[in-house]
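Worksheet for the structure shown next.
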Amino acid sequence: MALDTKVVVNGSTDDLRQQAFSPDNYANIHYAEVKSYILDNAVDANTLLKALRADKKAAGQKYGISGGIGPVIPVSFEGTIATGKSGIFNVNIPGFPDNQTVRIQTGPAINGTDLRDATGEITFGEFTNQIEYQDVGAALNRTMKADILEDLDRSKLTGTSVEISGVFRLINDKNWLITPVRMNLK
């Protein structure tokens, strides 16, 4: 029996725990790249709105990454946080018409895979299955929450001026739901 026994040291390449896929480890490694991409490519919201009103398809192609049901577009803006419910707050942006809704996700739940899909570099083919691919989207959301939303007091947001950079999936051009990667309260 002693001759057939192999000692596996914790953390070694033979440790199966090191070989198992971890969406949180993946997110920790790739979040900085995703955030940098969004910050570097964020279009001003007023510029984007004008482009969408002129030609939605062309604006999506110019400013976004093609992804499923709609392009994922990085955007930046300044505004005032208005009413919110369940961690999703409306933001009033100067120059935006009343029929244009912009909302930000502040948690505790962050929905969607916009962060995962923002760069177009994280693709289904690099994962074993759909579950891993979906889990990476959720893990990136958790990593973002730890990065910028951890100490956010949501009870004091209404009426606060804010500068935001984030990303959203263009489904309805009159209703944007932003997943932030930078949120500076003023």
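Relative contact order of the chain: what whole-number percent is it, with Cα pairs under 8 angstrom and at least 6 residues apart?
Contact order relative to length: 27 percent.
Distance between the pseudo-spin-label points of S36 and A109 (7 Å out from Cα toward the beta carbon): 3.4 nm. Taking every DSSP helix (H) stretch of at least 4 residues in the chain, weighting each as -39,500 (n - 2.57) and dividing the sum by the residue count yields a mean residue ellipticity at 222 nm of -9500 deg cm²/dmol. The aspartates and glutamates within cross-link reach of K57, meaning a Cα-to-Cα straight distance under 12 Å and a gap of 8 or more places when in the same chain, are D173. Dividing the convex hull volume of the alpha carbon atoms of the range 51-186 by its residue count gives 107 Å³ per residue. The range 67-112 and the range 150-186 have their alpha-carbon centroids 5 Å apart.
If you add up the charges near T119, with Lys and Arg at +1 and Asp and Glu at -1, over every other residue whose beta carbon is less than 12 angstrom from its beta carbon, what do you get? Combined, the nearby Lys, Arg, Asp and Glu give -3. Using a simple spin-label model with pseudo-atoms 7 Å out from Cα toward Cβ, K85 and D24 lie 3.3 nm apart. Here the label points at E121 and T158, each 7 Å from Cα along the C-beta direction, are separated by 4.1 nm in the simple model.
Taking the longest Cα principal axis of the chain as reference, the axis of helix 23-41 is set at about 30 degrees.
Taking 0.36 nm per residue of sequence separation and removing the Cα-Cα distance, the A146/L185 pair yields an extension gain of 12.4 nm. Which percent of the Cα-Cα distances in the range 10-128 go past 24 Å? Above the 24 Å cut-off, the range 10-128 has 41 percent of its Cα pairs.
Net length available on complete extension from S66 to N172 is 36.7 nm, with 0.36 nm assigned per residue and the Cα-Cα distance removed. With respect to the chain, whose longest principal axis is taken over its alpha-carbon atoms, helix 130-144 is tilted by about 60°.
Extension gain for I131-N92 works out to 10.4 nm (0.36 nm per residue, less the C-alpha to C-alpha distance). Under 17 Å Cα-Cα from K35, which lysines qualify once same-chain neighbours fewer than 8 residues away are excluded? Partners found: K145.
Read-outs throughout are calculated quantities, based only on the coordinates presented, and are distinct from any laboratory measurement. Bear in mind the structure is a predicted one, so any value in this text is a computation, not a measurement. For neighbour counting, all protein chains shown are included, and Cβ atoms are generated from backbone atoms with ideal geometry for every residue, glycine included.
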